[in-house]
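So the structure is just underneath, and the comments pick up after that.
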Amino acid sequence: MAKQNRQTISYLTRRFREVGLNPNARHGQNFLIDLNLIELLANSAKLTPDDVVLEIGTGTGSLTALLASQAARVITVEIDGYLYQMAREELEDFSNVTMLRQDALKNKNRFDSRVIEAVHQALAEVDGSVFKLAANLPYNVATPIISNLLRCEIIPASMTVTIQKELADRIMAGPNSKDYGALSVWIQSLCDVELIRVMSPKVFWPRPKVESAILHIEHRPDKRSQIPDVEFFHQFVRSMFFHRRKFLRSVAVAAFKNQLTKPQVDEVLDEMGLGPDARTEQLSVGQMQKMCELFRLRLAE
């Protein structure tokens, strides 16, 4: 297991120098070089020998090795060809690791089918297996990965990720705050969220310009079951925050244009006890869910 401890700044700079490369900013490459934090991320995922783990951003394979030592299967995805080759050397002794060299996303709204198929196959091979995400996520794809996994045909029981602190703030934000938005409502409606650790730029190489955070997101099927139409709710929340500075009534009228009349929109807002100066960002997660269902039922009439 000594290989997993190689992701230090001296190791990374030497390995990159050997192949004549620099980290690729376009792919959001910032390597976590504090070995204790790599272990904290792995331990916070609460893995068992029956788990199937998806990792987005293999990097040099340091976290992958830790995950593979604790879980039944690891599917790890790396878009960079050179990093893929480096990680293959590090992970050659792990028979339970499946490496994919590709983008994890087909587009910003959907995962690549090959990633989902690999997870399906691993789950089928392990009796009683549980699907989880654990990753030092590339900053440039963190939001669509977290958001889209909650809409996938297979939903992870948990997501333990390193992301920008700014994104963590948005996920955990409450009403009447600058960070509160569609992502806050979407994730909090389906999950419990725990902030594990805030990290300074100095624990990464190259150093990013912002703080990062380890976040543990636990999917709650009981919360999901309270939302009659999850896909409708997802679209509704996005549309309600599309023009966050406008009054809620005008946003709702625009969102349901050619579907509901203005009087019908007003009926919903009246039932919610919302006046003409109400704004979406003032509503709690529960209020957003209630308003969504009222609009959904109006559309079904």
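The values are calculated or read from the model by the stated rules, or taken from the named source; none is laboratory data. Since this is a predicted model, take the numbers as computed values, not measurements. Neighbour counts are summed over all protein chains in view; Cβ atoms, including those assigned to glycine, are modelled from backbone coordinates with ideal geometry.
Scanning region 38-57 for residues that are among the β-branched types (Val, Ile, Thr) and out of contact with any Phe, Trp or Tyr (no Cβ under 9 Å at 6 or more places or on another chain) gives Ile38, Thr48, Ile56. Just so you know, in region 80-106 the residues that are over 25 Å from Asp127 (Cβ atoms), among the hydrophobic types (A, V, I, L, M, F, W, C) and at pLDDT 95 or above include one that is surrounded by the most Cβ atoms within 10 Å (Cβ to Cβ), and it is Ala104. Here Val210 passes the criteria (1) of a type in the set (Val, Ile, Thr); (2) within 24 Å of Arg298 (Cβ to Cβ); (3) part of a loop (DSSP other than H, G, I, E, B) except the one numbered (2). Restricting attention to region 33-48 and to residues that are surrounded by fewer than 22 Cβ atoms within 10 Å (Cβ to Cβ) and in contact with a helix residue (DSSP H, G or I) (Cβ under 7 Å, 6 or more places away or on another chain), the residue that is nearest to Gly128 (Cα to Cα) turns out to be Glu39.
For (1) surrounded by 15 or more Cβ atoms within 10 Å (Cβ to Cβ); (2) closer than 28 Å to Leu37 by Cα; (3) free of Cβ contacts under 8 Å to residues at least 24 places away in the same chain; (4) within 15 Å of the chain's Cα centre (by Cα), each residue gets a yes or a no:
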position: Phe111; (1), (2), (3), (4): yes, yes, no, yes
position: Ala124; (1), (2), (3), (4): no, no, yes, no
position: Lys132; (1), (2), (3), (4): yes, yes, no, yes
position: Pro156; (1), (2), (3), (4): yes, yes, no, yes
position: Val161; (1), (2), (3), (4): yes, yes, no, yes
position: Glu166; (1), (2), (3), (4): no, yes, no, yes
position: Asp192; (1), (2), (3), (4): no, yes, no, yes
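Entry remark, region 194-210: residues being of a type outside the set (Phe, Trp, Tyr), touching a strand residue (DSSP E or B) at 6+ places or on another chain (Cβ under 6 Å) and either in contact (Cβ under 8 Å) with a residue 40 or more places away in the chain or crowded, with 21+ Cβ neighbours inside 10 Å (or both) number 4 in total.
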